[in-house]
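Following this message is one structure expressed as structure tokens.
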């Protein structure tokens with residue numbers, strides 16, 4: 001499909017991106033979208049009440065596929081709903097302003113959905129990079145979730161890696177606009193499962209950037225409450241305003257941006273084949289930021305053990 005040509009009135013794919021004070025890596029993200037081998041797409045960028053120069057960067061591009069929309073700040077899920085409402089394509093591709101698409105991403109996903117009509121969403125593996133662009137390791141998701149599988153409070157895909165059918169997005173009711181503190185993708189994708197299967201390509205099609213601003217370590221109370229709310233929303237049970245207010249309060253009680261960033265990278269490197277030594281450097285930085293974290297101390301200690309022990313420890317903490 002690399003020879004497809006952009007048709008402004010009826011593009012085959014609508015790429016949607018929401019900006020909120022996202023100027024730092026934005027140009028690389030936009031360039032990676034515009035450099036795709038598949039070209040028949042529109043690129044809808046919605047500025048969600050930013051206070052930086054992100055919109056100014058977008059306006060330096062003259063590519064006719066780009067549409068820039070301004071709105072007051074309402075949060076990511078609501079912004080994505082608004083972008084999809086004006087989209088013209090039958091397929092929607094997600095993109096975040098700090099990530100980078102590999103050149104064949106859209107071609108691979110378009111072809112997959114074209115030849116697998118039973119699949120509603122196709123995601124991919126991702127290459128994790130740090131704030132400087134250094135590669136840290138790969139994240140791979142479960143390859144296939146069949147139609148009608150039981151719901152889960154976890155997201156079956158890496159959110160900015162997905163392409164999905166607009167028809168099933170509408171059938172599932174769109175993103176839950178009130179979920180401003182995470183979980184909107186898990187809710188949407190699990191709601192889509194009754195309408196079609198979900199697949200993840202094993203090859204990485206995006207560089208997924210880890211940054212301090214997006215990696216603050218949430219409290220156990222926050223994670224527990226978020227999982228409960230996600231489970232309720234997936235099956236359309238009412239979530240009260242008091243629950244959302246509690247979630248917002250717990251969100252503001254995170255342990256700091258640097259701690260979560262260094263801890264996640266340390267665990268990612270430790271899960272690789274030979275990243276134990278570098279992992280310890282990141283875990284030590286995390287402990288300097290929050291020395292009272294039992295979780296971090298246990299991961300740090302496990303870096304001196306055979307890799308199978310860390311795997312068991314990770315499984316334990318994930319299911320607590």
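Quick one: how many residues across region 25-56 are part of a helix (DSSP H, G or I) and either within 20 Å of the chain's Cα centre (by Cα) or within 18 Å of residue 163 (Cβ to Cβ) (or both)?
11
Right, here's the next one. When region 160-181 is examined, which residues are found to be within 28 Å of residue 219 (Cβ to Cβ) and surrounded by fewer than 19 Cβ atoms within 10 Å (Cβ to Cβ)?
177, 178, 180
Just checking, which of 87, 79 is in contact with a helix residue (DSSP H, G or I) (Cβ under 8 Å, 6 or more places away or on another chain), in contact (Cβ under 8 Å) with a residue 40 or more places away in the chain and assigned by TED's automatic domain parsing to the domain that holds residue 173?
87
Sort out for me the strands (runs of 3 or more DSSP E) sitting completely within region 100-176 that have 3 or more residues that are closer than 21 Å to residue 28 by Cα and assigned by TED's automatic domain parsing to the domain that holds residue 79.
119-129, 135-139
Conditions first: (1) surrounded by fewer than 22 Cβ atoms within 10 Å (Cβ to Cβ); (2) under 18 Å from the mean Cα position of the chain (by Cα); (3) within 25 Å of residue 114 (Cβ to Cβ). Residue 67 passes all but one, so which condition is the exception?
The number of the failed condition is (2).
OK, next. Output the residues belonging to region 164-188 that are in contact (Cβ under 8 Å) with a residue 24 or more places away in the chain and farther than 23 Å from residue 251 by Cα.
Residues satisfying the conditions are 164, 165, 166, 167, 168, 169, 171, 174.
Restricting to region 136-151, and then to whatever is without any contact (Cβ under 8 Å) to a residue 60 or more places away in the chain and within 17 Å of the chain's Cα centre (by Cα), can you tell me which residue is farthest from residue 281 (Cα to Cα)?
143
Being within 21 Å of residue 198 (Cα to Cα) and crowded, with 17+ Cβ neighbours inside 10 Å is the requirement here; does residue 14 meet it?
yes
The values are calculated or read from the model by the stated rules, or taken from the named source; none is laboratory data. Computed from a prediction, not measured in an experiment: that's the story for all the values here. In this analysis, Cβ positions are derived from the backbone assuming ideal geometry, glycine residues included, and neighbour counts consider all displayed protein chains.
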